[in-house]
Amino acid sequence: MAAALVDEEINNDDFYALLNVRREATQDELKAAYRRLCMLYHPDKHRDPDLKQQAETLFNLVHQAYEVLSDPQSRAIYDIYGKKGLEMEGWEVVERKKAAAEIREEFERLQREREERRLQQRTNPKGTISVGLDATDLFDRYDEEFEEPGSRFPQIEINKMHISQSIEAPLTTTDTAVLAGSLSTQNGNGGGSINIALRRVTSAKGWGELEFGAGDIQGPLFGMKIFRNLTSQSFITTHCGLQFSSRGIRPGLTTVLARNLDKNTMGYLQWRWGSQSAMNTSLVRDTKTSHLTIALQLGIPHSFMLMSYQYKFQDDDQTKVKGTIKLNRASQTYFFPIHLTDQLLPSAIFYATVGPLVIYFAMHRLIIKPYLQLQKEKELEKHRENSSSTIALKKQEAEAAVRLMQESVRRIIEVEESKLGLIITNAWYGKFVTDSSGRNERAKVIDVTVPLQCLVKESKLILTEACKTGVPGFYDPCVGEDKSLKVIYLFRGVLHQVMTADNESLRIPKQSHRIDTDG
C-alpha cells in the first residue's frame, strides 16, 4: 500500500461523497442533496465575517460538485476519469450538445490518441537470463582412490548459460516491429542468433506475424505466425517456418488449439510437423500460489508424460521465487537450474527440497520482511511530510464546516429528542488500535460526531459507499493507512454501537451492538 503513495493525492474532490449521494443518484436525489447543503452553507445565513468566508468556500465546493454531476456530459467524463478528466487536454473540443454516450465515446477517442502518442516511445523490453550450475560433485563424489591429492572440497561449476533479450517498436497503431537476440553456451561451446519480426493486428480477434532470423549455429530462418480468437474462451495459433542449413531446407509447421477451462486453468492441443514431429496435449493451472502442468506427448523421437508442480513464494514487492529457482522482476526473468545428481540419492532430494524452503523462510522472516516493512514506513513517513501542508488545510476546512453545522445540529437534536429519534452521542473516524494488535501503536482518530448528526434526517443516517474523507467535516487523520468509522448512537432510548470500514456504506439505525448502560 505504501508503494502506491507516491502517486496518491490528498483531496476532497469526491463529488458523490461531498453531496452524500449514490453514484447512481437521480437528478431529483442530486437536487435534494444540493438544496440541503445550500441551506447549511449559504453565506447569507452567517453574520460573523470569519464564518461567512468559510461558508462561502464550502458553498462553492458544493456548487461545483452539483454543476458537474447534474450535467450528463460532464458527469459521464467524471465517472470515468474523475475530476482530472474534466481538465484534460481535448475536453474543450467536445461538443456540449452531445448525449452522455456520445460524449463518452468522443472523450475515449481523445484518450486513445494520447495513448497512441505515448505508444511511439514504448519499447516493452523483455529479457531472460539462465545460468546452469553443476553441483553433482556435492553428492556424486569419486572414490577416494581416484581423487587427486588435496581435492577435498567439492567443486561447483557453471556449465551453461543462456541470455535472450527482445524489444518492441510500435510503427503504427496496428503494426509493431520486434527485435530479439540470444546467446547460449554449454561446456565451452555456444553461439547466438538474432530475429526480426513484423506483427500486424488485423482485427480485435487476431493478428499475424512475419519472422526473419539468422544465427551462427543454424542458418537463416523465415517464418509466419497467425493468431485467432475462436470464441471468448478459446484461440488457435499456427506457425510455419523454413529453416535453411547446410543439409538443405527444413520446413516446419506447428498448430496449437487452446481453451480456457476456468479462471486459472488452460487446456492445450498441439500438433507439430517437421524435424521432430509430435502430438502433445497439456493441462496448465496457474494461481497466485501455485503452477501445475500435466502433459502427454507422442512423437518422433521423443514420447513422454510430464507432471510439474511449482509453489510460488510471493512478497509485496512483486518479486516471485519459485521452486525451480526462477526470479521474475519487472520484465526480466532469471533462471538458476542446479544439477545436483545423475542418480536418485536421498541426500540430494533432501537438499533440493527442504534446504531451499528453510533458507527462503529464514531469509524472508529475518531479512526480506523487515526490509520491506522498513521501506514502507519510510515511504509513508515521507508522504506524510510532503502532504502535511495539504492535511493541515483540509483540517482547517473540516473544522470550519463543523462550526457552520453547530446551529443546524442543535435544531436537529431538539427534533430528534422530542420523538426519541436518532442522536449521535459519539463518533470517531480514523485508525483504531486494539490491545490484541501486539504492536506499540496509538489510535489516530478524529471526532466526527457533529458532521454525522448534521446528516440525520427523519431519524435516519445514510452514508453512501465512498471514502469518508469527502464528507463535509471529515479529513484524513492517518494518510496511507486503513481507516474505519465508529459510531455510538441513541435510538428509542437505547444506546447502540456500530463500526464500519472506510469506503463502505452505512445505514443507521441498523442491527448493531447494543450497549448495556445498567452498570
Looking at Gln270, Ser234, Ile249, which one has the Cα that reaches farthest to the positive end of the dipole of region 229-291 (charges on Cβ: Lys, Arg +1; Asp, Glu -1)? Ile249
Under a cut-off of 21 Å between alpha-carbon atoms, report the lysines in cross-link reach of Lys288, not counting same-chain residues fewer than 8 places apart. Lys263, Lys312, Lys320, Lys322, Lys326, Lys369
Once Lys and Arg get +1 and Asp and Glu get -1 on their Cβ, which of Ala392, Gln406, Gln375 lies farthest toward the positive end of the dipole of region 373-421? Gln375
Area of Arg507 that stays accessible when all protein chains are in place (1.4 Å probe, Å², to 10): 120
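Assign unit charges at the C-beta atoms only (+1 for Lys and Arg, -1 for Asp and Glu), then state the dipole size of region 374-499 relative to its Cα centre in Debye, rounded to the nearest 20. Before the final figure, lay out the partial values.
Working: 20 positive and 18 negative charges, 12 e Å.
Its charge dipole is roughly 60 debye.
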Considering the Cα trace of region 342-499, what is its radius of gyration and what is Dmax, both in angstroms? 24.7, 88
Sticking with the crude label model, points 7 Å out along Cα→Cβ, report the distance from His364 to Asp79 in nm, one decimal please. 4.2
I'd like the distance between the alpha-carbon centres of region 443-516 and region 217-255, rounded to an integer number of Å. 62
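Starting with the highest mean, order 54-60, 463-469 by the number of other Cβ atoms within 10 Å, averaged over the residues of each peptide. Could the numbers behind the result be given before it?
Values: 54-60: 17.4, 463-469: 19.4.
In descending order of packing, they fall as 463-469, 54-60.
The values are calculated or read from the model by the stated rules, or taken from the named source; none is laboratory data. Owing to the predicted nature of the structure, the values given are computational and were not obtained by experimental measurement. Glycine gets a Cβ as well: all are built from the backbone with ideal geometry, and neighbour counts include every protein chain shown. SASA here: full protein model, heavy atoms, side chains in, ligands and nucleic acids out. Shrake-Rupley method; radii C 1.70, N 1.55, O 1.52, S 1.80 Å.
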